[in-house]
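Notes for the one structure printed next.
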């Protein structure tokens with residue numbers, strides 16, 4: 001058989017095979033009018049979704065922009081993922097979540113019941129320093145008001161990802177958008193105080209940053225979500241100020257109190273960094289002494 005004919009034919013067979021293997025996704029389709037149908041999302045053609053109710057002879061075509069929500073049938077072992085995250089197996093957690101959510105990626109621009117899983121993925125990407133990916137998800141969830149709790153979480157991670165990726169201009173603009181650029185009141189939320197402190201550190205305003213961190217530690221000491229990162233940031237600010245003894249003491253407390261946490265890992269890394277800084281300081285002092 002002629003190879004020139006064989007290769008296109010094989011390619012065509014592969015394309016057809018790929019098309020056949022694409023499985024419809026069981027889901028409930030909820031329209032803006034409130035009406036809903038259970039069936040299967042068959043495929044997508046640009047701005048159009050093909051949906052089969054099971055009773056119609058052929059799938060119906062629906063404009064993606066007219067859909068209020070797609071409620072997919074998805075099975076995710078939340079307990080397993082929680083356990084892996086607790087063990088700081090972030091890469092494995094990302095892999096499991098990504099593989100589970102991949103079949104639905106073509107419909108990611110349509111509101112769905114997958115937001116809670118994408119929120120987990122957003123957090124995991126942030127913890128593994130994949131800030132662009134975390135930002136892509138957080139920006140989308142931050143604009144979705146169906147779940148105020150997840151929306152608030154997305155806003156926090158959006159700000160954190162911008163700061164940690166070095167984008168101070170957008171981070172400052174975002175804080176203005178949230179109203180976090182104003183003077184913090186006594187009852188300010190710990191995440192607001194912490195994020196403002198992070199931005200101040202980025203801008204070299206270490207004394208002001210320490211004031212923000214102190215407010216988290218004093219007024220929100222029973223909030224594990226923020227007291228731990230605040231104490232870690234405190235150690236980092238002490239290091240920036242050259243107060244190595246104070247930084248090492250905070251690290252010691254973190255290592256003693258917060259085992260098996262991201263802050264535990266960061267404290268170990270910071271102690272190593274402080275040792276190097278001390279060695280550099282001693283070398284510099286020695287050279288100055290010899291010059292004198």
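Throughout, read-outs are computed from the coordinates displayed, never taken from laboratory work. Because the structure is a prediction, the values reported are computed rather than measured.
Odds and ends about this structure:
- Most fluctuating residue given options 217, 94, 62, as computed from a GNM of the chain linking Cα atoms under 10 Å: 62
- Residue with peak Gaussian network fluctuation, the chain [Cα springs, cutoff 10 Å], from 243, 70, 114: 243
- Pairs of Cα atoms nearer than 8 Å and 6+ residues apart set the relative contact order; for the chain it is 8 percent.
- In degrees, nearest ten, helix 90-101 long axis to first principal axis of the chain (Cα): 20 degrees
- Axis of helix 262-291 versus longest Cα principal axis of the chain: the two differ by about 40°, to the nearest ten degrees.
- Rg and Dmax [Cα atoms of the range 21-72; Å; Rg one decimal, Dmax integer]: 10.2, 33
- Area projected by the alpha carbon convex hull of the range 163-256, averaged over all directions, nm²: 6.1 nm²
- Acute angle (nearest 10 degrees) that the helix 224-240 long axis makes with the longest principal axis of the chain, alpha-carbon atoms: 50 degrees
- Candidates 196, 153, 276: whichever shows maximal mean-square fluctuation once the chain is modelled as a Gaussian network with Cα springs under 10 Å: 276
- Our helix-only sum for the chain, with -39,500 (n - 2.57) per DSSP H run of n ≥ 4 divided by its residues, gives a mean residue ellipticity at 222 nm of -20500 deg cm²/dmol.
- Sorted from longest to shortest, the spans of the Cα atoms of the chain along the three principal axes equal 89, 57, 36 Å.
- All Cα pairs of the range 123-212, percent lying beyond 20 Å: 32 percent
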